């Protein structure tokens, strides 16, 4: 139940951001900012994973 609530909230957030972007004729720019934010988060997660693996002296440090 909690998971579905979080999914609904996330969908609502992105939908409202998209609608606001359309009203200002900046939908493309808003989409690019979202893409950049997602890429930044993915990079941080990967970096953290690699640091943890290095910290425990894992053979494979790539995530």
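The values are calculated or read from the model by the stated rules, or taken from the named source; none is laboratory data. Just so it is clear, the structure is predicted and the values come from calculations on it, not from any experiment. All Cβ positions, even for glycine, are placed from backbone atoms using ideal geometry, and neighbour counts span all protein chains on display.
With respect to residue 27, determine if the residue is modelled with pLDDT under 90, surrounded by 10 or more Cβ atoms within 10 Å (Cβ to Cβ) and out of contact with any helix residue (DSSP H, G or I) (no Cβ under 6 Å at 6 or more places or on another chain). It is false that residue 27 is modelled with pLDDT under 90, surrounded by 10 or more Cβ atoms within 10 Å (Cβ to Cβ) and out of contact with any helix residue (DSSP H, G or I) (no Cβ under 6 Å at 6 or more places or on another chain). Taking each residue of segment 31-58 that is on the phi > 0 side of the Ramachandran plot and modelled with pLDDT of 90 or more and looking for partners that are assigned to a helix (DSSP H, G or I) and surrounded by 11 or more Cβ atoms within 10 Å (Cβ to Cβ) with beta-carbon atoms closer than 8 Å, six or more apart or interchain, yields nothing.
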